[in-house]
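In what follows, a structure is listed as structure tokens, so that the remarks can point back to it.
The values are calculated or read from the model by the stated rules, or taken from the named source; none is laboratory data. Treat the numbers as computed from the prediction; the structure is a model and nothing was measured. Neighbour counts run over all protein chains shown; Cβ positions are idealised from the backbone, glycine included.
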Number of protein chains: 2
Amino acid sequence: MKSDQLDVVLAALSDPTRRAIVGRLAEGEATVLELAEPFPVTLPAISRHLKVLEHAGLITRARNGKHRPCRLRLEPLAEVAAWAEHTRSAWEHRLDRLEAHLAADQHETEHP
Amino acid sequence: MKSDQLDVVLAALSDPTRRAIVGRLAEGEATVLELAEPFPVTLPAISRHLKVLEHAGLITRARNGKHRPCRLRLEPLAEVAAWAEHTRSAWEHRLDRLEAHLAADQHETEHP
DNA sequence: ACTTCATTTCACATATTTGTTAAATAACCA
DNA sequence: TGGTTATTTAACAAATATGTGAAATGAAGT
């Protein structure tokens, strides 16, 4: 039930409704009805969004009587942050080295 | 040409081919043919992937004769990292506070 | 001008996503 | 048992995404 592949996580987070749900869950657990309340969509739609988030490993769900409270998981968010930051800084360092090299001997720029 | 909305950026990064292209571009500029080489898809497919990345603000493209070298942009990656890390740490702090509260007076757990 | 190389656009097929309404579960309450 | 509340599943429609092969564009080389 926790695939946790970056593909699936990023796809899950690319939907604004789901990202808002994740934002809401960062403030604490919530039930399906509570999560659905701010959005102009029907409950089945929310239910499917939650299933997508669960499949991505971004949430877990408990059962507490009729309620099924959702809880955020940290790991996939950490992986997203790590991947983006790693890629970003790799390129940043490349740019720094390039700049240093250009400073050493003069060149013309190609990207305006 | 640079929408830079988190939606669009995350959707762009959710495709494994595109994420691999971004990874490749973190090592330096490359042309369309160079980017296409590792993948078992046709050039039109790569061309469309690049258009998606450009539309997300993740790359820029120069024209250098027949070549159209692609270059990575830092900003959207930084935004992704910042959003994920912000959300993650918000929930982490919530959990810490909850734990502290539970340590203060005893309770039973609800999530196994 | 003709050819070649790099890249894009077109037209199309298929698969996936997102939403809807109506019906089905599941647990609680009277 | 029957009724209400919370949530999910089923069946379907519309929009979007991804890939292909064939043709078009654009710049360079001869």
- [ ] Collect the residues in segment A:53-69 that are within 24 Å of B:Leu6 (Cβ to Cβ), out of contact with any strand residue (DSSP E or B) (no Cβ under 7 Å at 6 or more places or on another chain) and more than 12 Å from chain B (Cβ to nearest Cβ), keeping them in residue-number order.
- [x] A:His55, A:Gly57
Open item on the list: Kindly evaluate B:Arg97 against the criterion of being in a helix (DSSP H, G or I), more than 16 Å from DNA strand D (Cβ to nearest atom) and modelled with pLDDT under 95.
Closed with: yes
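Can you tell me which of B:Val8, B:Val80 is within 13 Å of chain A (Cβ to nearest Cβ), assigned to a helix (DSSP H, G or I) and near DNA strand D (Cβ under 9 Å from one of its atoms)? Outline the logic, then answer.
Numbers: B:Val80 fails: near DNA strand D (Cβ under 9 Å from one of its atoms).
Answer to the check: B:Val8.
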Open item on the list: Quick check on my filter: what residues within segment B:39-64 are more than 17 Å from the chain's Cα centre (by Cα) and under 23 Å from A:Leu95 (Cβ atoms)?
Closed with: B:Arg61, B:Ala62, B:Arg63, B:Asn64
Open item on the list: I'd like the full set of residues that are small (Gly, Ala, Ser) and part of a helix (DSSP H, G or I), limited to segment A:33-56.
Closed with: A:Ala36, A:Ala45, A:Ser47
Open item on the list: Going by what's in this entry, would A:Ala26 be described as at pLDDT 95 or above, out of contact with any strand residue (DSSP E or B) (no Cβ under 7 Å at 6 or more places or on another chain), within 8 Å of chain B (Cβ to nearest Cβ) and away from DNA strand D (no atom under 16 Å from the Cβ)?
Closed with: no
Task: Counted residues, segment A:14-32 - those being within 15 Å of DNA strand C (Cβ to nearest atom) and part of a loop (DSSP other than H, G, I, E, B) - done: 3
TODO: From A:His49, A:His86, grab the single residue that is within 11 Å of DNA strand D (Cβ to nearest atom), within 22 Å of B:Ala12 (Cα to Cα) and not small (Gly, Ala, Ser).
DONE: A:His49
